[in-house]
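Trainee: The structure under discussion is supplied below as structure tokens; questions concerning it will follow.
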Amino acid sequence: MKFKSLVSSLLLTGLAATSQAQLAGHNVILVHGFQADNILNQPASSAEIIQNGEAYWSEYWNSHADARLDWDSSERIEGGTAQRLYDDAVTLSLSGLCTSGCVLVTHSTGDLVARYFVENQADWLEAAGYEPLNILTSLDFAGAGGGTEIADTVVSVVTSNNSASSLAVTAVEWFMGGTLDSNDDLGVLYDLQPANARNLAISSSTIPRLRFTGAGNDYYGLTGGFITGTDDGVVPTHSSCGAVQAKAYDSCSKDVEFDGEIDKGDVNGPGNLFYNHFAVLMGDDTHHNGTIGTQTGVQLTYVDNNFSAGGIEVDFSTKTYDGWFADYLYVKNSTGSTMSEKVYETLND
Amino acid sequence: MRIWLLGIVIVLALAVFFKPASSIKSNLEFEIKGSELTETQPQTKTINIDQAKQKEQQFENELAQQMSVVASRYEQSIRFPQYSIPINAGQTDLLQPLQVLPVVLNLGEGTDSSASLAPDSYVFFHGESILATLTSSGPIKPSQVKIELVENNKPLKAFKVSAKEEEFVATIETSDPDWPVDLHIKATFHFGKHGKLSILSPIKYSPDNGSITAVNEASVDGANLSIPVELDIKQPGRYRLSVNFFNQSKTPLAHLSAKQNLKKGKNNWILQVHSEVLRSANDAGPYLLDTWTLTKLPERPGIRTSYGNSKVGEIPVAGFELNAYDTTPWSDPQEQARLQFFKKLQ
């Protein structure tokens, strides 16, 4: 009965609830990413936002999660999205879903949304007399917490009435799935401009963020030319790894390429990540949506974590495999599963 | 075909046929012998259930090893309280808070000209002048430049623009306190064959919520070095105060950050440096404080983050013998619970 009432209360507020969907014994909350269709056709109701959230995670995570925080991409994070997240947080607090600790799973802009939420939820809930949510960690797939330069291009192209170079206009149309008007409300795209993203909710958090990144491109490479460094078609590596600087990186590591090739100290990767950010897996051909979708056939590699975060240096030994022309560090036999499947099944074992 | 060219073709063909490990890894099998992994001959395509299980186990063991690394690093991280975390010189996000990131107009690969718009600061306070600079690189130069302040692409006020050599400096001398916090500086210009283009650079336009006015004598307080700070607050609310803590050579030692509710008028705030940071650096001082940030947090959802300022800059801080501090290790139950979770994932 208790579970039944929890399910109905969560559904009423637009949160998903499924049974036996925990990860390592802890409830999972999903935070989705940017949905371009929200900008082209602003959701008419909260019900539509919830439907969109459910559809977003339909390929894998919906059936492995206990709740979702859904939001509207036509709104700013500090505006309507903050209110929406708070309302859902109150429901989650009352439900006790996170009493023994919850795990966040974010995708893309959900990383930035979650960072803002994590920074403020305890203050907001405590001030209103509610128990703050006990969040253990966040699994961030293709995280956009450091912003993406494609947002700069979209903003520039749209506000100049699509009069930029044909290449830029085409890339924006592919990315957005249609042509925007200069009067359209660009909502979270403004938050995704790196200049804004890298100044939003920037305090050091004790909640660890585990990063799972890709370098494939499912926009036929059209968007890549507008994103700094190696990208996954939407998000630059500096963002998905959690690098402290918005530079043109080609890996999350200084020692291992996205394809697993080991080149100790010579790889163009970040030297520092945001505090308590830990890059875990990389997929050379894993594209942006592939990190949470059905994309298989990608060889994954581990990130050699031999760099510092928060001033702490920790070395660890890696396993290497001799290749003909180079040594490689990679997850064997990872081509048969999706990135999310492998992460969930392994961590949930 | 020349013989040498034929030779190259043959070598290339062989290289493609015998691809490097990265390309043929899906055709290879590995087996665990003790703790060592050794490469074996390619297997047939038929994989029985035991082999599949073994492969799964190999992945789990290795990802578990990664989680072990994460757990180890997190364990190191939580030796220090959140209010006093160790940092290095590369932690520029904390050492240079509220950085300006210029917005670069990207016209796609193969275009050799670009333009960039940078405000003088990410945060401008009510009543301050607002400044920005438009620059360009490559053969195409911006012309007919118009720069304006916009909210959600709606114009608020035009900047006065002056061309200086190859850049355009834009100024709004007097700003309006009724403008909202989230604004953009929009530069519109003709850019050669690309026609009329725009770049939008985001800024925060903040009320001046208050100031850090003074720093008093530090003292040892249990496990912490306590540093009293005085503030003069105009808008009561929830604030975050953060500052960086350096040794005498200006090498960063710690990032200090805490939240507190502040009333209107004079306030006192005790900044704390946990002695574990000092012991780790084996540095008994004296020290320096610099790069102060005062942030007014949203008390309720929907309120924009805004800022205060600091009337103090680099401040010397007295040091004490390291054995003067309580050495009880820092421990937070919630952080320990997170660590246990990671250990369970291994």
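Just so it is clear, none of the values below were taken in a lab; they were calculated from the coordinates. Quick caveat, the model's predicted, so the values are computed rather than measured. Heads up, the Cβs are rebuilt from the backbone with ideal geometry, glycines too, and the neighbour counts pull from every protein chain shown.
Trainee: Report the charge-dipole magnitude of chain A in Debye, nearest 20, computed about the Cα centre from +1 at each Lys and Arg Cβ and -1 at each Asp and Glu Cβ.
Mentor: With Lys and Arg at +1 and Asp and Glu at -1, about 680 debye.
Trainee: Out of all DSSP beta bridges in chain A, what portion is antiparallel? Express it as a percent rounded to 5.
Mentor: Antiparallel bridges: around 30 percent, rounded to the nearest 5.
Trainee: With a sphere of radius 12 Å drawn around the Cβ of B:Thr291, what net charge do the other residues whose Cβ falls strictly inside it have (Lys, Arg +1; Asp, Glu -1)?
Mentor: Local net charge: -2.
Trainee: Skipping prolines and chain starts, which residues have an amide H placed within reach, meaning under 5 Å, of the one on B:Asp221, given they are 5 or more residues away or on another chain?
Mentor: Answer set, sorted by chain and number: B:Ser226.
Trainee: Right, something else. Which residues' amide hydrogens lie under 5 Å from the amide hydrogen of A:Arg68, considering only partners 5 or more residues apart or on another chain, with H built in the peptide plane?
Mentor: A:Ala16, A:Leu30
Trainee: Can you give me the relative contact order of chain A as a percent, contacts being Cα pairs under 8 Å and 6 or more apart?
Mentor: Once divided by the residue count of chain A, the mean separation gives 15 percent.
Trainee: What is the total of Lys pairs in chain A with C-alpha atoms under 18 Å apart, excluding same-chain pairs fewer than 8 positions apart?
Mentor: Lysine pairs meeting both conditions in chain A amount to 5.
Trainee: Roughly how crowded by other chains is peptide A:204-212, in terms of the mean Cβ count from those chains within 10 Å of each of its Cβ atoms?
Mentor: Per-residue shielding by partner chains comes out at 5.
Trainee: Turning to a different aspect of this structure: Please pull out the direction-averaged projected area of segment A:236-310, using the convex hull of its alpha-carbon atoms, in nm² to one decimal place.
Mentor: Quarter of the Cα hull surface area: 4.7 nm².
Trainee: To the nearest whole number, what is the average tally of beta carbon atoms from other chains within 10 Å of the beta carbons of peptide A:248-258?
Mentor: Per residue, the average neighbour count from other chains is 0.
Trainee: Next question, about the same structure. Helix hunt in chain A: which complete DSSP H runs extend at least 18 Å axially by C-alpha with mean Kyte-Doolittle at least -0.5?
Mentor: A:82-95, A:110-127
Trainee: Another question about this same structure. For segment B:245-313, state which trypsin sites (Lys or Arg not before Pro) are in a DSSP loop and have at most 13 other beta carbons lying within 10 Å of their beta carbon.
Mentor: Passing sites in segment B:245-313 are B:Lys250, B:Lys263, B:Lys264, B:Lys311.
Trainee: On to the next question. Using only DSSP helix segments of four residues or longer, with each worth -39500 (n - 2.57), what per-residue ellipticity at 222 nm results for chain A after dividing by its residue count and rounding to 500?
Mentor: After summing the helix terms and dividing by the residues of chain A, the value is -8500 deg cm²/dmol.
Trainee: Which of the peptides B:200-206, B:77-83 is most tightly packed, and how do the rest follow, judged by the mean count of other Cβ atoms within 10 Å per residue?
Mentor: Peptide ranking by packing, descending: B:200-206, B:77-83.
Trainee: For the peptides B:157-165, A:233-241, A:179-187, B:117-125, what is the packing order when you average, over each peptide's residues, the other Cβ atoms within 10 Å and list the highest mean first?
Mentor: Ranked by mean Cβ neighbours within 10 Å, highest first: A:233-241, B:117-125, A:179-187, B:157-165.
Trainee: Going by amide H atoms built from the backbone, whose H comes under 5 Å of the H on A:Gly214, apart from near neighbours?
Mentor: The list, which skips near neighbours in sequence, is A:Ala142, A:Gly283.
Trainee: For peptide A:266-279, compute the average count of partner chain beta-carbon atoms within 10 Å of each residue's beta-carbon.
Mentor: If you average over the peptide's residues, the count of other-chain Cβ atoms is 3.
Trainee: If you build a Gaussian network model of chain A, linking Cα atoms that sit under 10 Å apart, which residue out of A:Asn272, A:Asn161, A:Asn38 swings the most?
Mentor: In the Gaussian network model the winner is A:Asn161.
Trainee: Oh, and also: Assuming a viscosity of 0.890 mPa s and a temperature of 25 °C, what translational diffusion coefficient in µm² per second does Stokes-Einstein assign to segment B:153-297, Rh being the Kirkwood radius over Cα pairs?
Mentor: In µm²/s, the coefficient rounds to 129.
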